[in-house]
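J.: Structure incoming, see below.
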Amino acid sequence: MSIDILALDGDGIGPEIMQSTLDIVDFLNKELKLDIQIRKEVIGFKSIDQNSTTMTSEVVLASKEADGIILGPVDHNNYPSVVDGGINPSGKLRIELDLYANIRPARNYINLNSLSKDMDLIIVRENTEGFYSDRNMFDGPGEFSPVPGVGLAIRKITKHASLRIAEIAFKIAKTKCASKNKKPKIHAIHKANVMRLTDGIFLEACRTVASKNKEVEYEEMLVDACAAHIIRNPSQFDVIVTTNMFGDILSDLATEFSGSLGLAGSLNAGEHNAMAQAQHGAATDIAGKNIANPISLILSTGMLLNWIGEKRNLKKLNTASSFIDKAVIKTLSENNNLTRDLGGNASTKELTKNFLNILNNIIL
Ligand code: ATP
């Protein structure tokens, strides 16, 4: 049975980095006979023009039915209001498909001029609640103004969501360290000294899961201290598990520290669906110039192939994913044909062409 992947370009640099990503998928599909079928649908500003909404219900349905989704970056900050059709496709899909785990690796690469020298960590971020006022309520937004000049934001933390994100983080830590022959380590990141109730629930859930996984070393750390420690000594972290907004901020810090936001792959995963999505935004300042770095979306798609491979027990997809990882490492270590964000002067298309050559040599 074929693997159906839905590709949604998004806004800004979305179409350019999606094209590079689909070139890679296409190549692997032919070489490894993966039997992947790509279907494209329109979202974002292009969809507003065609359908008066940034995301139609048909696209939501197609996303639910697909084996996986590749979502380009969306410029939702500049969308019209929801009543005028400005739905945030990223938030909508995370909720509709219950993609509760946002998995964000950050590592440094040899020869790349990154600030960090010894980082290889994964941030596992809860994706459905926390401070995200556009999605943390059953009905209506979690942010409101009772009187003019006063704004209130609600941060929702539940035992259910905390337990399931902790479970997946421990699983990821065990898989990550299995090949390295070392004891895996988890850091639960919180601010329970201030938010005693909500982060108390989160930590309690992490401790419950830790008590069932004694082979994993478990530590807790305040979020402000964690930011400092990522800079000072990133090698101490294997896997970080945290709530929604802390995870969002810490992962941008970690990936920029590793070299560029353009290297930041990420996967949104649930029980039944998964969605590859670069960590960065639509980068409208460089859109249409053929200078965007596509590696973040390529890495994210590699993570998606790996997820589908595990779910459907299709080893070929896991192999394809590991080839992508190898090609990223080689591309970055060769230190030529890199885009501007990485200190080079190659175009998006030149980087992609070089990446395909490297992939070809790896497969041979
Ligand atoms: P959002 O709030 O949606 O994350 P943002 O405006 O905060 O969006 P980005 O769109 O991620 O941030 O852009 C931040 C900076 O990083 C911009 O200068 C952008 O050009 C750069 N950038 C982001 N992604 C890439 C990429 N793939 N390649 C090159 N530069 C990028």
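The values are calculated or read from the model by the stated rules, or taken from the named source; none is laboratory data. Note that the structure is predicted; figures quoted are calculated from it, not measured. Note that we place each Cβ from the backbone using ideal geometry, even for glycine, and neighbour counts take in every protein chain shown.
J.: Looking at the stretch 109-117, is at least one residue of a type in the set (Val, Ile, Thr), in the same structural domain as ILE231 (by TED's automatic domain parsing) and part of a loop (DSSP other than H, G, I, E, B)?
T.: no
J.: Can you name every residue in the stretch 97-114 that is more than 24 Å from LYS171 (Cβ to Cβ) and in contact with a Ser or Thr (Cβ under 8 Å, 6 or more places away or on another chain)?
T.: ASN108, TYR109, ILE110, ASN111, LEU112, SER114, listed by residue number.
J.: Could you please tell me which pairs satisfy a Cβ distance under 6 Å, a separation of 6+ or placement on different chains, a first residue in the stretch 352-364 that is free of Cβ contacts under 8 Å to residues at least 40 places away in the same chain, and a second residue that is outside any helix (DSSP H, G or I)?
T.: Pairs found: ASN354/ASN337.
J.: Scanning the stretch 112-141 for residues that are over 17 Å from the mean Cα position of the chain (by Cα), of a type in the set (S, T, N, Q) and closer than 19 Å to GLY265 by Cβ, which turns out modelled with the lowest pLDDT?
T.: SER114
J.: Something else about it: Give the stretch 123-141 a look and list any residue that's among the hydrophobic types (A, V, I, L, M, F, W, C), outside any strand (DSSP E or B) and touching a residue at least 12 places away in the same chain (Cβ under 8 Å), or say none. Even if it seems obvious, please write down each step before you answer.
T.: If we filter the stretch 123-141 for residues that are among the hydrophobic types (A, V, I, L, M, F, W, C), which is where we start, we get 123-124, 131, 137-138.
Going one step further and asking which of them are outside any strand (DSSP E or B), we end up with 131, 137-138.
Scanning the stretch 123-141 gives PHE131, MET137.
J.: Same structure again: Please verify whether GLY265 is in a loop (DSSP other than H, G, I, E, B) and within 16 Å of the ligand (Cβ to nearest atom), treating the condition exactly as stated. It would help to see each step written out before you state the result.
T.: Working: in a loop (DSSP other than H, G, I, E, B): yes; within 16 Å of the ligand (Cβ to nearest atom): yes.
For GLY265, the condition - in a loop (DSSP other than H, G, I, E, B) and within 16 Å of the ligand (Cβ to nearest atom) - is met.
J.: Kindly provide the set of residues from the stretch 142-153 that are part of a loop (DSSP other than H, G, I, E, B) and over 24 Å from the mean Cα position of the chain (by Cα), ordered by number.
T.: SER145, PRO146, VAL147, PRO148, GLY149, VAL150, GLY151
J.: Do the conditions hold for GLY86, that is, is it within 16 Å of the ligand (Cβ to nearest atom), in contact (Cβ under 8 Å) with a residue 12 or more places away in the chain, surrounded by fewer than 21 Cβ atoms within 10 Å (Cβ to Cβ) and in a helix (DSSP H, G or I)? Walk me through it before giving the result.
T.: Numbers: within 16 Å of the ligand (Cβ to nearest atom): yes; in contact (Cβ under 8 Å) with a residue 12 or more places away in the chain: yes; surrounded by fewer than 21 Cβ atoms within 10 Å (Cβ to Cβ): yes; in a helix (DSSP H, G or I): no.
No: the conditions fail for GLY86.
J.: Search the stretch 284-314 for residues being under 16 Å from the mean Cα position of the chain (by Cα) and of a type in the set (A, V, I, L, M), and hand back the single one that is farthest from the ligand (Cβ to nearest atom).
T.: Ranking the qualifying residues of the stretch 284-314, first place goes to ILE308.
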